[in-house]
Amino acid sequence: MKNVQIILDSACDMQKPEADALGVTLLPLRTNFGGEVFLDGVTMTHDEFFEKLTQAKTLPTTSQIPPFDFEEAFRRLHAAGSEILVITLSSKLSGTYQSAVIAAQETGIDVTIVDSENVTAGERVLADLAIRLRDKGFGAKEIAAKLEEAKKHLCIIGRVDTLEYLYRGGRLSKTSAIAGTLLNIKPVLTVRDGQLAVLGKARGAKQSNNFLNEAITKRGGIDFSQPLMLGYSGTSDSALQEYIAASREIWEGKLESLPITSIGSTIGTHVGPGAIVVAFFANEQ
């Protein structure tokens, strides 16, 4: 069996204890709260992030992983005789992918780098597929080729509960935010061509839950033989549990348990608490 070491960035919303358990290297993005810098998922948990976010007067900023962090990891894993596979969040959302490329050039080490063209649970299911393939004995380049093919069927959809953070982050005008709040609008988001995009708008939780289910149906349903992930933002998963109950027919009898992750700072900064997300490989032909 080949010794493949997988490097992930924290935008996949895996936290360090889980990464250690899965045998992968997690490199954190930085989150800056008024000059105080935290390492996402390492020195600051997702719960701690949202506790700070809801109390902060100004939005935090997030920054990419610097090339030096990748260089250090590449040299350490290469010295151990490992093949190295890196999976990053979308290159259109962060410079982290480019940092990995620069680090590979600087070190001269043969590193296989995959741009997930996704983020949060979307990046995570791709990482989970890579881990599954690693455990079956595939090499780094073989895994990367399979991930590139799988990306064609990767789908992520999510619902935002509040418009406050889209407005505070400059992604929504004040007029739209006020009107949307009064009408109880819940934007439904996706990742398209590596960038966040609005899939539609729904009024209230019930209508937005139905919107998510319809979006899954339009993609031919979920391929349950592949990894999937549900996610939530904030310190409570109550909104996600309500969605799961409202979409019971999708999940019943398919899995012993549903994989669930909390959303970290990379996307959490923009969507705020109460958001939910579903990432899966579509069953489309």
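Could you list, in sequence order, all residues of segment 213-224 that are on the phi < 0 side of the Ramachandran plot and either at pLDDT below 95 or among the basic types (Lys, Arg) (or both)? Full working, then the answer.
Initially, segment 213-224 is screened for residues on the phi < 0 side of the Ramachandran plot, giving 213-219, 222-224.
Scanning segment 213-224 gives Asn213, Glu214, Ala215, Ile216, Thr217, Lys218, Arg219.
Looking at Gly139, Gly122, can you tell me which residue is at negative phi and surrounded by 24 or more Cβ atoms within 10 Å (Cβ to Cβ)?
Working: Gly139 fails: surrounded by 24 or more Cβ atoms within 10 Å (Cβ to Cβ).
Answer to the selection: Gly122.
When only residues in segment 215-244 that are among the polar types (S, T, N, Q) and in contact with a Phe, Trp or Tyr (Cβ under 6 Å, 6 or more places away or on another chain) count, which is farthest from Leu147 (Cα to Cα)? Give the derivation first.
Start the filter on segment 215-244 by keeping residues that are among the polar types (S, T, N, Q), which leaves 217, 225-226, 233, 235-236, 238, 241.
If we keep only those that are in contact with a Phe, Trp or Tyr (Cβ under 6 Å, 6 or more places away or on another chain) as well, we get 226, 235.
Numbers: Gln226: 12, Thr235: 32 Å.
Among those residues, the one meeting the criterion is Thr235.
How do the strands (runs of 3 or more DSSP E) wholly within segment 50-167 filter down when requiring 3 or more residues that are of a type in the set (A, V, I, L, M): which remain?
Answer list for segment 50-167: 83-88, 111-115, 154-159.
Scan segment 263-282 residue by residue and report those that are part of a helix (DSSP H, G or I) and either of a type in the set (D, E, K, R) or farther than 18 Å from Ser238 by Cα (or both). Walk me through it before giving the result.
Narrowing segment 263-282 to residues part of a helix (DSSP H, G or I): 265-271.
Answer for segment 263-282, where residues must be part of a helix (DSSP H, G or I) and either of a type in the set (D, E, K, R) or farther than 18 Å from Ser238 by Cα (or both): Ser265, Thr266, Ile267, Thr269, His270.
Assuming Pro227 fulfils every condition listed in (1) surrounded by fewer than 17 Cβ atoms within 10 Å (Cβ to Cβ); (2) in a loop (DSSP other than H, G, I, E, B); (3) touching a residue at least 40 places away in the same chain (Cβ under 8 Å); (4) not aliphatic (A, V, I, L, M) apart from one, which condition is it?
Result: Pro227 passes all but (1).
Which one is surrounded by the most Cβ atoms within 10 Å (Cβ to Cβ), of the residues in segment 235-254 that are in contact (Cβ under 8 Å) with a residue 24 or more places away in the chain and in a helix (DSSP H, G or I)?
Ranking the candidates gives Leu240 first.
Tell me which residues, restricted to segment 171-185, are modelled with pLDDT of 60 or more and touching a Leu at 6+ places or on another chain (Cβ under 9 Å).
From segment 171-185, those modelled with pLDDT of 60 or more are 171, 181, 184-185; that's our starting set.
The answer is Arg171, Thr181, Ile185.
Just to verify a result, which residue in segment 184-224, among those that are touching a strand residue (DSSP E or B) at 6+ places or on another chain (Cβ under 6 Å) and not in a strand (DSSP E or B), is farthest from Val119 (Cα to Cα)?
Asn184
Yes/no per residue for (1) crowded, with 23+ Cβ neighbours inside 10 Å; (2) of a type in the set (Ser, Thr, Tyr); (3) closer than 30 Å to Tyr165 by Cβ:
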position	(1), (2), (3)
Asn3	no, no, no
Leu8	yes, no, yes
Arg75	no, no, no
Thr112	no, yes, no
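Can you pull out every residue in segment 142-163 that is closer than 23 Å to Asp110 by Cα, surrounded by fewer than 17 Cβ atoms within 10 Å (Cβ to Cβ) and either touching a Pro at 6+ places or on another chain (Cβ under 9 Å) or not aliphatic (A, V, I, L, M) (or both)?
If the condition is that a residue be closer than 23 Å to Asp110 by Cα, surrounded by fewer than 17 Cβ atoms within 10 Å (Cβ to Cβ) and either touching a Pro at 6+ places or on another chain (Cβ under 9 Å) or not aliphatic (A, V, I, L, M) (or both), then Lys146, Glu148, Glu149 are the ones that fit.
The values are calculated or read from the model by the stated rules, or taken from the named source; none is laboratory data. Here the structure is a predicted model, which means the values were calculated and not measured. Every residue, glycine as well, gets a Cβ built from its backbone with ideal geometry; the counts of neighbours run over all protein chains shown.
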